[in-house]
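Written out below as structure tokens is the structure these notes cover.
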Amino acid sequence: MPYYVDVRKLATGGSGTTGSPWTGWNTAIGTGVANTTYYFPQGYYSWPCSTQLLINKNRVRFIGEGKWVTTLRCTGFPTQGLSNRATAAALKFDSGVVDAQLGQIVIENLTFEATDTTNKKKAIELVDLSDSTFRNVLLSGWTGGTGGSLGWYIRGRDGLTFENLTVTSD
């Protein structure tokens, strides 16, 4: 049975404004629940990028109300850099099992914003996905660090649909 979660209700702090974004929601999401739509209503949501948001379940959807309408702000990047592209992405979809795909992942109508322009970083990493869609997504501020930062880091499989993506990244 599919689930629908209003992410505002998972927040432990903030009021959804740029000066007081909703916080704590990332801990409640954890690694995600299969067959779940995480709905991000209009507003600002923040989480510390030193704590990667790792989703390892099938049929997980992150849905907002539009670019610049729903903003997920990642703060507090670790300083280890991107040596061998090993730095953790702020948001990662990966089953964690070799040759085991995740399927039917959706990110739609969201802005992912980085506040750090000093350190190298990765915004979104996709590992071994299939039949997934990424639509109307803005990555803003994913710059900084010697050698540059990455917006999308895609590692395989098939059947990925990308529509109306905007990236500011090195």
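The values are calculated or read from the model by the stated rules, or taken from the named source; none is laboratory data. Everything numeric here is computed off the predicted structure, so don't read it as measured data. Ideal geometry is used to build each Cβ from the backbone, glycine not excepted, and the neighbour counts take in all protein chains shown. Heavy atoms of the whole protein, side chains included, go into the accessibility calculation; ligands, DNA and RNA do not. Shrake-Rupley method; radii C 1.70, N 1.55, O 1.52, S 1.80 Å.
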**Request:** Could you list all residues from the stretch 118-130 that are crowded, with 19+ Cβ neighbours inside 10 Å and out of contact with any Lys or Arg (no Cβ under 7 Å at 6 or more places or on another chain)?
**Result:** Asn119, Lys120, Lys121, Lys122, Ala123, Ile124
**Request:** Output the number of the condition that Tyr38 fails; it satisfies all remaining conditions of (1) at negative phi; (2) at pLDDT below 95.
**Result:** (2)
**Message:** Quick check on the stretch 98-110. Is at least one of its residues assigned to a loop (DSSP other than H, G, I, E, B), modelled with pLDDT of 90 or more and among the β-branched types (Val, Ile, Thr)?
**Reply:** yes
**Request:** Restricting attention to the stretch 17-70, report how many residues are under 20 Å from Val137 (Cβ atoms), open to solvent by 20 Å² or more (accessible area, probe 1.4 Å) and in contact with a helix residue (DSSP H, G or I) (Cβ under 8 Å, 6 or more places away or on another chain).
**Result:** 2
**Prompt:** Which residue pairs have Cβ atoms under 8 Å apart, sit 6 or more places apart or on different chains, and have a first residue in the stretch 1-17 that is modelled with pLDDT under 95 and a second that is of a type in the set (Lys, Arg) and part of a loop (DSSP other than H, G, I, E, B)?
**Reply:** Pro2/Arg59
**Item:** Which listed residue is surrounded by fewer than 17 Cβ atoms within 10 Å (Cβ to Cβ) and within 29 Å of Gly19 (Cα to Cα), from Thr143, Thr115, Thr161, Thr133
**Value:** Thr115
**Message:** Any residue that is assigned to a loop (DSSP other than H, G, I, E, B), surrounded by 13 or more Cβ atoms within 10 Å (Cβ to Cβ) and at pLDDT 95 or above - is there at least one of those in the stretch 74-97?
**Reply:** no
**Message:** If I go through the stretch 1-16 residue by residue, how many of them are loosely packed, with under 12 Cβ neighbours inside 10 Å and closer than 19 Å to Thr51 by Cβ?
**Reply:** 2
